[in-house]
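Worksheet for the structure shown next.
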Amino acid sequence: MKSRGDRVQSQPKPRHIGPIEGHLIAASGEFVGTFFFLWMAYSAQLMVLNQAPSTAIVGGASSHTVVYISLIYGLSLLVNAWAFYRISGGLFNPAVTLGLSFSGQLPWLRTAFLVPVQIISSMCAGGLVSAMFGGPNGIATVNTILAPHTSIAQGLFIEMFMTAQLVFVVLMLAAEKSKDTFIAPIGIGLALFVSELTGVYFTGGSLNPARSFGCAVAGRSFPGYHWIYWLGPVMGAAIASLYYRFVKWAHYEEANPGQDHINPHTPPEEEEV
């Protein structure tokens with residue numbers, strides 16, 4: 001009979017992974033998470049556009065339709081980011097990923113793994129939605145396109161500002177650690193929801209190059225200004241990252257102290273860790 005010491009010694013040692021293996025595991029999480037996020041969002045948006053009795057470009061004719069589409073994307077991001085953040089960070093967006101690298105929160109090598117995977121996953125999601133829900137009102141109807149009276153310059157800056165807000169929320173709620181970090185996906189999902197309320201009518205509400213590219217490839221429909229859905233979000237990510245670096249450099253914690261303390265009347269050094 002084995003002694004207790006023998007049994008303890010026979011237990012398997014914890015497995016440790018190398019850096020490249022870690023990047024690959026994170027990339028797998030981004031592939032699956034981006035797929036779930038966009039498959040749910042594309043298919044639900046397609047349903048509401050087909051059901052809407054009077055629908056203009058990307059659903060702008062009805063405020064109810066705009067709210068529903070905004071909820072689709074916000075809730076789909078919330079659920080999937082919460083599920084996958086332990087694996088990959090739950091980013092699902094090349095602009096957000098670049099924003100984290102611009103701000104020094106994500107290694108550039110990890111970004112080089114994640115961004116191509118996010119784009120490939122978006123094409124897979126768009127292709128499957130197109131195959132499953134085909135017909136005259138297929139995947140091309142969820143393309144991000146400009147409203148008739150929205151210029152290309154307006155669309156570019158709308159996408160830039162919306163993405164800047166989203167990326168800054170990600171940086172402050174998820175990258176910047178606090179006692180509330182575990183509920184960051186709620187704030188991030190709400191940030192996308194609010195931005196979609198603004199953007200759905202004017203630009204289609206992309207904030208995400210992968211979101212625009214996946215359905216454009218599946219629907220074989222690329223407007224001549226498709227580039228704004230890449231440049232605008234990347235510009236927004238850069239702006240958010242610059243401001244994040246500024247407030248970190250300026251020690252923002254000292255400007256409004258005590259916000260993350262369990263007891264605001266107790267100095268942080270006296271709180272239990």
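Every residue in the range 89-109 that is surrounded by fewer than 21 Cβ atoms within 10 Å (Cβ to Cβ) and either assigned to a loop (DSSP other than H, G, I, E, B) or not polar (S, T, N, Q) (or both), please. Break it down stepwise before answering.
So in the range 89-109, the residues surrounded by fewer than 21 Cβ atoms within 10 Å (Cβ to Cβ) come out as 101, 104-109.
The answer is G104, Q105, L106, P107, W108, L109.
Output the residue which, of all residues in the range 91-118 that are touching a Pro at 6+ places or on another chain (Cβ under 7 Å) and not polar (S, T, N, Q), is nearest to P233 (Cα to Cα).
Applying the filter and picking the extreme gives A95.
Just to check your reading of the model, which residue among T144, T97 is under 20 Å from L24 (Cβ atoms), touching a Lys or Arg at 6+ places or on another chain (Cβ under 9 Å), in contact (Cβ under 8 Å) with a residue 12 or more places away in the chain and among the β-branched types (V, I, T)?
Details: T144 fails: under 20 Å from L24 (Cβ atoms).
Of T144, T97, the one residue that is under 20 Å from L24 (Cβ atoms), touching a Lys or Arg at 6+ places or on another chain (Cβ under 9 Å), in contact (Cβ under 8 Å) with a residue 12 or more places away in the chain and among the β-branched types (V, I, T) is T97.
Rundown of residues vs (1) touching an Asp or Glu at 6+ places or on another chain (Cβ under 6 Å); (2) in a loop (DSSP other than H, G, I, E, B); (3) closer than 22 Å to A44 by Cβ, yes/no style:
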| residue | (1), (2), (3) |
| --- | --- |
| T111 | no, no, no |
| M123 | no, no, yes |
| G127 | no, no, yes |
| G134 | no, yes, yes |
| T150 | no, yes, no |
| Q154 | no, no, no |
| V169 | no, no, no |
| A174 | no, no, no |
Restricting to the range 141-161, what's the tally of residues that are at pLDDT 95 or above, small (G, A, S) and surrounded by fewer than 22 Cβ atoms within 10 Å (Cβ to Cβ)?
2
Enumeration of residues in the range 185-209 that are more than 12 Å from the chain's Cα centre (by Cα), of a type outside the set (S, T, N, Q) and surrounded by 19 or more Cβ atoms within 10 Å (Cβ to Cβ)
E196, G199, V200, Y201, F202, G204, G205
Residue check, A238 closer than 14 Å to E159 by Cβ and of a type in the set (G, A, S)
yes
Subset of the range 29-68 that is modelled with pLDDT under 80 and touching a Leu at 6+ places or on another chain (Cβ under 7 Å) - its residue that is nearest to N208 (Cα to Cα)
G59
Identify, please: which residue in the range 92-113 is touching a Gly at 6+ places or on another chain (Cβ under 8 Å) and of a type in the set (A, V, I, L, M) and is, among those, nearest to E21 (Cα to Cα)?
L106
Looking at (1) in contact with a Phe, Trp or Tyr (Cβ under 9 Å, 6 or more places away or on another chain); (2) closer than 21 Å to S70 by Cβ, which is the one condition that is false for S121?
(2)
Among all residue pairs at least 6 apart or on different chains, which show Cβ distances below 6 Å where the first residue, located in the range 184-204, is closer than 16 Å to H64 by Cβ and the second is among the polar types (S, T, N, Q) and part of a helix (DSSP H, G or I)?
F193/S70; E196/S70; L197/S70
Single residue of the range 210-234 satisfying the filter (under 14 Å from F161 (Cα atoms) and aliphatic (A, V, I, L, M)) that is surrounded by the fewest Cβ atoms within 10 Å (Cβ to Cβ):
L231
Against the condition modelled with pLDDT of 95 or more, farther than 18 Å from A184 by Cβ and either among the small types (G, A, S) or in a helix (DSSP H, G or I) (or both), how does L71 come out, does it pass?
yes
Could you figure out which of (1) farther than 23 Å from A44 by Cβ; (2) at pLDDT below 95; (3) surrounded by 15 or more Cβ atoms within 10 Å (Cβ to Cβ) isn't true of A164?
(2)
Residues of the range 122-169 satisfying the condition of being over 21 Å from G214 (Cβ atoms) and under 16 Å from the mean Cα position of the chain (by Cα)
F161, A164, Q165, F168, V169
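For the structure I just gave you, tell me whether P257 is part of a loop (DSSP other than H, G, I, E, B), of a type outside the set (S, T, N, Q), closer than 25 Å to L171 by Cβ and at pLDDT below 95. Break it down stepwise before answering.
Numbers: part of a loop (DSSP other than H, G, I, E, B): yes; of a type outside the set (S, T, N, Q): yes; closer than 25 Å to L171 by Cβ: yes; at pLDDT below 95: yes.
Yes; evaluated as a whole, the condition is true for this residue.
The values are calculated or read from the model by the stated rules, or taken from the named source; none is laboratory data. Being a predicted model, the structure only gives us computed values, none of them experimental. For neighbour counting, all protein chains shown are included, and Cβ atoms are generated from backbone atoms with ideal geometry for every residue, glycine included.
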